[in-house]
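What follows is a set of notes on a single structure, which appears directly below.
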Amino acid sequence: SSGINAEYGEKANPIALSEDQKAALNKYKIQARKDNEIFLRQHPEVSCLISDFLHEVLLQRPEQVVEFAANHFTQPDIRTRINSQIKEEKKLLRREARNAAKSAKTA
C-alpha cells in the first residue's frame, strides 16, 4: 500500500483510529456521560459547590483566582452554606412539583 487514500487523494494517517476503535471510543464516551450524569444527580452538592464558587468569583473578581479558590473551598462554613443551598433547592423542586400537579388537575 502506498499510504494514499485513493478516494480522497490524501495520505493515510498512521496514527488515525480504525473504524472499530472509533466505535469503541464513542461507546466509551456515551457510557462516561451517562455515568457522570448519574453521579451528579446523586451528588447535588457538586452543582452547589460550583455555583457558589462561580457566584463569588464573578462577584469579587479576584486577581489571584487560584488562591481565591483555595481560600474559598477551605472556609470553615462551606459545608453549612452548601447544605443550606441543597435544602433550598429541594424545597423549590417540591414547590414546583406541587404547582405542576395542581396545574395538571385544573387543565
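Give the aspartates and glutamates whose C-alpha is closer than 19 Å to that of K34, dropping any in the same chain fewer than 8 places away, or say none.
Reachable aspartates and glutamates: E45.
Any idea what angle helix 78-106 forms with the longest principal axis of the chain, computed on alpha-carbon atoms, 0 to 90 degrees, nearest 10?
Long axis of 78-106 versus the principal axis of the chain: about 90 degrees.
Calculate, in nm to one decimal, what D35 and N99 gain on full extension: separation in residues at 0.36 nm each, minus their alpha carbon distance. If you can, show how the numbers build up before the last one.
Details: separation 64, 0.36 × 64 = 23.04 nm, distance 3.09 nm.
Full extension from D35 to N99 adds 19.9 nm.
Express the accessible area of the range 26-107 per residue in Å², computed with a 1.4 Å probe while the remaining protein chains stay in the model.
Computed with neighbouring chains in place, this is 87 Å² per residue.
Spin-label point model (7 Å from Cα, Cβ direction): what's the A70 to K91 distance in nm?
3.6
With r defined as the distance between the Cβ atoms of R79 and A24 and R0 fixed at 35 Å, what FRET efficiency is calculated, to the nearest 0.05?
The formula returns an efficiency of 0.30 here.
Which distance in nm do the two modelled labels at L17 and T106 give, with both placed 7 Å along the Cα-to-Cβ direction?
5.1
Using a 1.4 angstrom probe on heavy atoms only, work out the carbon and sulfur share of the accessible area of the chain in %.
Within the chain, the accessible surface is 56 percent carbon and sulfur.
Highest GNM mean-square fluctuation, the chain, Cα pairs closer than 10 Å: which of P14, P44, P62?
So, out of P14, P44, P62, the one fluctuating most is P14.
The values are calculated or read from the model by the stated rules, or taken from the named source; none is laboratory data. Being a predicted model, the structure only gives us computed values, none of them experimental. Cβ: placed from backbone, ideal geometry, glycine included. Neighbour counts: every protein chain shown. Ligands, DNA and RNA are excluded from the accessible area calculation, which covers all protein heavy atoms including side chains. Shrake-Rupley method; radii C 1.70, N 1.55, O 1.52, S 1.80 Å.
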